[in-house]
Amino acid sequence: MRAYASLMGYMDRFAPAGTSIVSLQPVPPTGATPEQVVVAWKGPDHRYGALPDTGLLLWQAGRDLAPADGLYAPYLKWRVIYDWHYDGTNHVEFVGAPGHQTAHRNPLGESFSFSLGDVTLDGHPEVLASFDSHGSGGCRIWRVLSSSSDAAQTIFKRTTCETDISITNGQLQINAAIHRAGCNIHGCGDERRTLLHWTGDGWIVTNRSTV
């Protein structure tokens with residue numbers, strides 16, 4: 001992959017200045033969608049107990065080469081097509097394409113994580129991203145990001161506690177703790193498993209079971 005080779009020696013450029021990369025994953029091109037890079041990043045701890053800034057970026061390669069610092073280090077032009085980050089000082093969450101983001105108040109935030117999988121079955125992997133809002137209940141905000149040749153959009157969003165979501169065999173699998181009277185605060189030990197299939201304009205349930 002030409003774009004992947006262009007990353008070598010320039011990994012730190014894919015996160016905001018003064019932050020560190022938590023995880024980085026190249027995404028190969030498919031059809032009309034160019035190569036991409038998904039990055040989860042985290043800023044330094046703030047003074048006085050404020051939460052650190054943290055975020056997730058989806059980069060996409062351009063078609064033109066741009067000069068790098070060294071004579072033998074050309075690299076592809078990259079641009080951010082999706083930016084989901086958290087301002088830990090002001091407790092504000094920003095979501096969307098640069099210049100078109102929405103802002104939401106969020107009192108707690110810890111870190112971002114992601115995985116890849118083709119849930120739309122178009123041959124190009126989606127990004128299943130989650131934002132850990134901290135606490136013993138494992139509460140998270142989940143989003144599935146689907147991208148095309150020039151943009152990315154959220155096709156799934158859910159806020160959960162005591163729940164794990166994954167992409168399995170082309171479907172979205174949701175394992176949620178079951179709560180009944182007499183169980184502890186984190187559930188009863190068993191889970192309700194729900195499988196969701198993407199139809200192109202929405203989600204349908206294909207299976208529910210208890211595990």
The residue that is farthest from residue 56 (Cα to Cα), considering only those in segment 82-111 that are among the aromatic types (Phe, Trp, Tyr) and out of contact with any Ser or Thr (no Cβ under 7 Å at 6 or more places or on another chain), is 94
Flagged in segment 162-199 as on the phi > 0 side of the Ramachandran plot, small (Gly, Ala, Ser) and at pLDDT 95 or above, in numbering order, are 170
Exercise. What about residue 107, is it in the same structural domain as residue 59 (by TED's automatic domain parsing) and in contact with a strand residue (DSSP E or B) (Cβ under 6 Å, 6 or more places away or on another chain)?
Worked result: no
Filter segment 112-134 for residues that are hydroxyl-bearing (Ser, Thr, Tyr) and crowded, with 19+ Cβ neighbours inside 10 Å; the one that is farthest from residue 205 (Cα to Cα) is 133
Filtering segment 79-118 down to residues that are modelled with pLDDT of 90 or more and among the small types (Gly, Ala, Ser) yields 96, 97, 103, 113, 115, 117
Of the residues in segment 135-159, those that are touching a Lys or Arg at 6+ places or on another chain (Cβ under 7 Å) and surrounded by fewer than 18 Cβ atoms within 10 Å (Cβ to Cβ) come to 154, 157
Residue hits (segment 92-141; touching a Cys at 6+ places or on another chain (Cβ under 9 Å) and more than 22 Å from residue 20 (Cβ to Cβ)) are 135, 137, 138, 139
Among 128, 116, 145, 172, the single one that is under 17 Å from the mean Cα position of the chain (by Cα), part of a strand (DSSP E or B), of a type in the set (A, V, I, L, M) and over 24 Å from residue 14 (Cα atoms) is 172
Per the filter on segment 125-148, residues of a type outside the set (Gly, Ala, Ser) and closer than 20 Å to residue 96 by Cα are 125, 126, 127, 128, 131, 132, 140, 141, 142, 143, 144, 145
Per the filter on segment 148-169, residues assigned to a strand (DSSP E or B) and among the hydrophobic types (A, V, I, L, M, F, W, C) are 152, 155, 156, 165, 167
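The values are calculated or read from the model by the stated rules, or taken from the named source; none is laboratory data. Here the structure is a predicted model, which is why all the values come from computation and not from measurement. All Cβ positions, glycine included, derive from the backbone under ideal geometry; neighbour counts span all protein chains shown.
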